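Novice: Have a look at this one before I ask anything.
Each value in this text was obtained by applying a stated rule to the coordinates, not by laboratory testing. Everything numeric here is computed off the predicted structure, so don't read it as measured data. Ideal geometry is used to build each Cβ from the backbone, glycine not excepted, and the neighbour counts take in all protein chains shown.
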Amino acid sequence: MAEFFIKKFVRMIITLIIATFAVFILIQNAPSDPVTMMLTKPDEMLVSSDKELLEQKIQETKEEFGLNDHILIQYKNWMQNILSGRMGKSLITKVDIASYIAKVLPSSVLIALVGTLLQLVFALIAGVLSVVYVSKWQEHAIRLVAIFLRSVPFFAIGFAMLMYFSVNLKIYEVSNSAALSRLWLPAFAVGITIFPKLSRIIRNSLLDEMGKTYMVAYVAKGFDKRKLIAEALQNTMIPIFTTLSMSFASSVGGMVITERIFSWPGIGNFGMSSVITQDYPAVQAYVLVITFIVVIVNFLSDMLYPLINPVVREE
Amino acid sequence: MIIMAIVLLFLIVIASIFAPLLTVYDPIEGDSSQRFLPPNKEHLLGTDHFGRDIFARILYGARITLPVSFTALFLTAVVGVVLGIISAMNFNKPVDVVIMTLVDVLLAVPFLVVAMAVCAIFGRGLENVLIVVVAVWWAPFARYTRSLVLSLKNSQMVLSAMVLGASYPVIVFREILPNIFTSLFIYLTFEFGNLILTLSTLSFFGMGIKPPLPEWGNMISDGRSYMTQSYHMLLWPIVAIIITVLALNLLGEGLRDFSNPYDTLATEMEDVK
């Protein structure tokens, strides 16, 4: 057991290091040099003697900020800053990035959570119904609906729903607050578009279970269909759990489109805004936070995995 | 189902190739006196904010969306499948571990995030988008290919080929590839649909193919701004995307049914009341 944990933990650390280093290198290649920007005024005409002075000043400032150190040392300093919460200030709004992210992150987590729950509900309904009506027209209908939902770009569905519920039906408020009353529509849109993948997994796992020997025993005992499916569902918890946790992990930061369309003040929206305004420190902080969340959530779900899968527990 | 999908796809491809013959209107230059017309006899789907025929733009848009997505798919698939096979054939050796850790890292971050970050730093052109796609999307391909090859690796035919002294390239090309081809092809079909959706989402947000080139994603973005004046600008590109991806998904599902016999389990269920 301990070996299992340690292996997963080491894997997580390595993944984090590689990912953060990649982000670091990416940001280093940003076109503007911050020191030059700091020391010169735009449109300033420089005489050659001034240029030498400027070069000297640039070098001094770089030394002062540690920008001439070896890249690994810069990376170490940068990581230390990040991990202690100093992510810099936004270039555009001059707000401290770390505190802003801390403020908007819970909203994203909230919408990801509800969206994932709804996805589970829809997928369970669709999956179980597919099995109950297997090979009949109902199953084919469900399947066609699922295929159709996978063919629509999310921004189209989300936008259509927003328009319909706020303009036509007037029951959805259009604002940019993270109010609980505004939570249902984006979560519903997300759930509706993502559930086909999970429902297919549920359907296939259930059908696999149906063919197993213990099912024959239950049939012989006289269980009706409903009870059989309930028993089979218990054994499909594992693939459901792994899929759901991966989906949740990538939803927190990946729901950029959703948050953009519904004006939901989450971290995805923040990331998109910083990309559009080319706010490099903010973009960097956003990618980092997302990476951390995804890797850590995956790690946590790996940790929980032995709880639901007794086979792994025994090892 | 497959037949329907293949017919649809065929029609779409033909329409895109023969676009200049099917419509006389220019997709980029517009006639300002004809802005925001609803569908009529001359303009099958109406006109947009520059007076360009929407139907023409959709046809020409296919000529942009389809080849670009296909190129991205092809490059990504080649990288992913090759790395997946290498990884699987060297199972648990350092090469495999390195590739799989890389795959884990790449699967960790949601694609849109990385694409946005790269576009923020390096600019929003199509080349950057394609580079990001290939650099990130090979990971799921590699993982899938690796699991396919691993399941074959200990099968009778591969083991007997090894016993007979076949070298690795021979095993890969004559034993493994033919057997994973079907599953891979189905997977590629679905991923093609996903790529079209993702690329149009990116161009909707201004990254990738930009106006005035008629790509369906940026047509939707324009349509959103002028929604009140003509909903047709918004509607038809969405329909075009849906039809194309739907055809691809139907094709994939049909092929999957064809190659995956789940019927036996289904009949067992039907006996129980």
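Novice: Computed FRET efficiency, Cβ-Cβ of A:K212 and A:V312, R0 25 Å: what is it to the nearest 0.05?
Specialist: On the way: r = 20 Å, r/R0 = 0.79.
The formula returns an efficiency of 0.80 here.
Novice: Scattering from the C-alpha atoms of region B:2-272 alone, worked out with Debye: what is log10 I(q)/I(0) at q = 0.07, 0.15, 0.17 1/Å?
Specialist: With no solvent term, the Cα-only Debye profile gives -0.34, -1.11, -1.27.
Novice: Same structure again: Could you work out how much longer the chain between A:A179 and A:L54 gets when fully extended? Use 0.36 nm per residue separation minus the Cα distance between them, nm to one decimal.
Specialist: Taking 0.36 nm per residue and subtracting the Cα distance, the gain is 39.9 nm.
Novice: Angle, helix A:280-308 long axis vs. longest principal axis of chain A, Cα atoms, 0 to 90°, nearest 10?
Specialist: Here the helix axis deviates by roughly 30 degrees.
Novice: Evaluate the Debye formula for region A:98-276 with equal point scatterers sitting on the alpha carbons, no solvent, and hand back log10 of I(q)/I(0) at q = 0.08, 0.10 Å⁻¹, in q order, two decimals.
Specialist: -0.32, -0.48
Novice: Okay, moving on. Can you figure out the FRET efficiency of A:I276 with A:K94, using R₀ = 25 Å and their beta-carbon distance, to the nearest 0.05?
Specialist: 0.90
Novice: Label points 7 Å out from Cα along the Cβ direction at B:A15 and A:L129: separation in nm?
Specialist: Those two pseudo-labels are separated by 3.0 nm.
Novice: Taking Cα pairs under 8 Å and at least six residues apart, what relative contact order does region A:98-276 come out at, in percent?
Specialist: Value for region A:98-276: 38 percent.
Novice: Let me know the mean shielding of B:118-126 by other chains, meaning the per-residue number of their Cβ atoms within 10 Å of its Cβ.
Specialist: For this peptide, the per-residue mean of nearby foreign Cβ atoms is 5.
Novice: Please build a GNM for chain A, connecting alpha carbons under 10 Å apart, and tell me which residue among A:D279, A:D50, A:D224 fluctuates the most.
Specialist: Among A:D279, A:D50, A:D224, the largest mean-square fluctuation in the Gaussian network model of chain A belongs to A:D50.
Novice: If I model a spin label as a point 7 Å beyond the Cα along the Cα-Cβ vector, how far apart are those points for B:H49 and B:V98 in nm?
Specialist: That separation, rounded to one decimal, is 5.0 nm.
Novice: Take every residue in peptide A:152-162, count the Cβ atoms of other chains within 10 Å of its Cβ, and give the average of those counts.
Specialist: Counting other chains' Cβ atoms within 10 Å and averaging over A:152-162 gives 5.
Novice: Could you state the angle between the C-alpha long axis of helix B:54-89 and the longest principal axis of the C-alpha atoms of chain B, as a value from 0 to 90 degrees rounded to the nearest 10?
Specialist: With both axes taken from Cα atoms, the answer is about 20 degrees.
Novice: Distance check, please: which entries in A:K170/B:K210; A:K227/B:K153; A:K197/A:K221; A:K7/B:K153 exceed 29 angstrom between their Cα atoms?
Specialist: Where the Cα-Cα span goes over 29 Å, the pairs concerned are A:K170/B:K210; A:K227/B:K153; A:K197/A:K221.
Novice: Can you give me the C-alpha center-to-center distance between region B:37-102 and region A:186-213, rounded to a whole angstrom?
Specialist: If we compute the Cα centre of each part, the gap is 27 Å.
Novice: Distance from the Cα centre of region A:2-20 to that of region A:116-160, in angstrom?
Specialist: 36
Novice: Amide H of B:T47: which non-local residues (sequence gap of 5 or more, or other chain) have their own amide H closer than 5 Å, using H built in the peptide plane?
Specialist: Correct list: B:F36, B:L37, B:I54.
Novice: Now a separate question. With runs of 4+ DSSP H residues as the only contributors, calculate the mean residue ellipticity of chain B at 222 nm using -39,500 (n - 2.57) per run, divided by the residue total and rounded to the nearest 500. Present the calculation step by step, with values, prior to reporting the outcome.
Specialist: Values: 11 runs with 193 residues, N = 273.
Using -39500 (n - 2.57) per qualifying helix, the result is -24000 deg cm²/dmol.
Novice: Pairing the Cα long axis of helix B:94-108 with the longest principal axis of chain B, what angle in degrees results, from 0 to 90 and rounded to the nearest 10?
Specialist: Helix B:94-108 sits roughly 30 degrees off the main axis of chain B.
Novice: Here's something else I'd like to know. What is the sum of charges around A:P265, taking Lys and Arg as +1, Asp and Glu as -1, for the other residues whose C-beta is under 15 Å from the C-beta of A:P265? Write out the running numbers ahead of the final one.
Specialist: Working: positive: A:K103, A:R182, A:R260; negative: A:E173, A:E259.
With Lys, Arg at +1 and Asp, Glu at -1, the neighbours total +1.
Novice: Next up: For the pair A:F21 and B:M4, how long in nm is the line joining their label points, each one 7 Å along Cα→Cβ?
Specialist: 5.2
Novice: Apply the Karplus curve 6.51 cos²θ - 1.76 cosθ + 1.60, θ = phi - 60°, to the phi angles in region A:69-74 and return the couplings in whole Hz, x for Gly and Pro.
Specialist: 5, 4, 4, 5, 5, 4
Novice: From the C-alpha gyration tensor of chain A, pull out the three semi-axes of the equivalent ellipsoid (sqrt of 5λ each), sorted largest to smallest, in whole Å.
Specialist: On the way: eigenvalues 480, 140, 39 Å².
The three semi-axes for chain A are 49, 26, 14 Å.
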